[in-house]
Amino acid sequence: MPSAPPAHPDARSHAIDPVHSRIAIAVDHAGFSKAIGTVSGTTGTLQLVPGSWEGAHVEARIPLSRLDFGDEAWNRAIAARGLLDTGRHPEAVFRSTRIEPLDAGRARIHGELTLQGMTRDVVLEAVRNAERRYPLPPFRHTVGFSATTTLSRAEFGSTAWSSLVGDAVEVRIELEAAR
C-alpha cells in the first residue's frame, strides 16, 4: 500500500470517534429485500485543514467482526470463510489517496480499500456536515461527514452464495472525528 501523502502544513489531526461513527451496508437478499448490516467501532485518523478540503487525508480501520445484521446465525454466516472470512481478515482498511473537491461541502474521496487481503480503488461521495466545537464537555473541535459508495463483493473475492446474496453492496458512512 502506498504511504499517505505528506500532511498539509495547516492540517490538524482528528481521531475518528468509534462511538459516533457507523457504517451501514445493504445487499440484495435473494431478490426479496436488501439485507442491512451495521458496523460500529471504526477507528483511525483524519487530517483536515479547517474549512477546506485541501490537504485532507483519512485512514480508517473497520472492525468487520462487529458487523451486525440483527441475527446471530446470519452474522456467523456473513463472517464465515465463504463471505467475509473475518477469522483471517478481522478488519477492513480505507486510506484516501486524493480528495476531489466539488464545492465547500462536498467532495469525492478517492482511496484504497483493503478487504479480505485485497486492495481495490474506491471513490466515496462525501458531504461535510459540520465542523465546530462539540456542544458538551469536553467541548472538543469536532467534524462530521456522511459518505456513500457501492462496492462489488466479487472484486474482493467474495463470491459464495451468489444466488442468495447480491454482488452490489451499498455502503453508507456516518463519521465524526475530534481533536
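Highlighted here are the strands (runs of 3 or more DSSP E) found entirely within the range 61-178 that include at least 1 residues which are within 19 Å of Asp28 (Cα to Cα) and touching a residue at least 60 places away in the same chain (Cβ under 8 Å): 165-178.
None of Arg172, Arg128, Arg153 is of a type outside the set (Gly, Ala, Ser) and farther than 26 Å from Arg81 by Cα except Arg128. For the range 32-42, a residue qualifies if it is open to solvent by 60 Å² or more (accessible area, probe 1.4 Å) and in contact (Cβ under 8 Å) with a residue 12 or more places away in the chain, and the qualifying residues are Lys34, Ile36. With respect to the conditions (1) farther than 16 Å from His141 by Cα; (2) crowded, with 19+ Cβ neighbours inside 10 Å, Ala26 lacks only one, and its number is (2). Tally the residues that are open to solvent by 60 Å² or more (accessible area, probe 1.4 Å) and either farther than 30 Å from Ala11 by Cβ or of a type in the set (A, V, I, L, M) (or both), restricting the search to the range 43-73. Number of matching residues: 5.
Consider the range 117-152 and keep the residues that are within 20 Å of Arg95 (Cβ to Cβ) and of a type in the set (D, E, K, R). The one that is most open to solvent (accessible area, probe 1.4 Å) is Asp121.
So, Thr119, is that one of a type in the set (Ser, Thr, Tyr) and within 25 Å of Leu84 (Cβ to Cβ) or not? Spell out how you get there, then give the answer.
Numbers: of a type in the set (Ser, Thr, Tyr): yes; within 25 Å of Leu84 (Cβ to Cβ): yes.
The answer is yes for Thr119.
Pro18 meets all of the listed conditions (1) touching a Pro at 6+ places or on another chain (Cβ under 9 Å); (2) closer than 20 Å to Ile99 by Cα but one, namely (2).
Among the residues of the range 28-60 satisfying the criterion of being in a loop (DSSP other than H, G, I, E, B) and in contact with a Ser or Thr (Cβ under 9 Å, 6 or more places away or on another chain), which is farthest from Ala154 (Cα to Cα)? Looking at residues that are in a loop (DSSP other than H, G, I, E, B) and in contact with a Ser or Thr (Cβ under 9 Å, 6 or more places away or on another chain), I get Ala56. Contact map, the range 12-28: first residue under 12 Å from Gly144 (Cα atoms), second residue open to solvent by less than 30 Å² (accessible area, probe 1.4 Å) and part of a loop (DSSP other than H, G, I, E, B), Cβ cut-off under 8 Å, separation 6 or more or different chains; pairs are Ile16/Thr42; Ser21/Thr42; Arg22/Thr42.
The values are calculated or read from the model by the stated rules, or taken from the named source; none is laboratory data. As the structure is a prediction and not an experimental result, all values here were calculated from the model. With ideal geometry, Cβ positions are generated from the backbone for all residues, glycine too; neighbour counts draw on all protein chains shown. The protein model used for the area step is the full one, side chains on, heavy atoms only, and it has no ligands, DNA or RNA in it. Shrake-Rupley method; radii C 1.70, N 1.55, O 1.52, S 1.80 Å.
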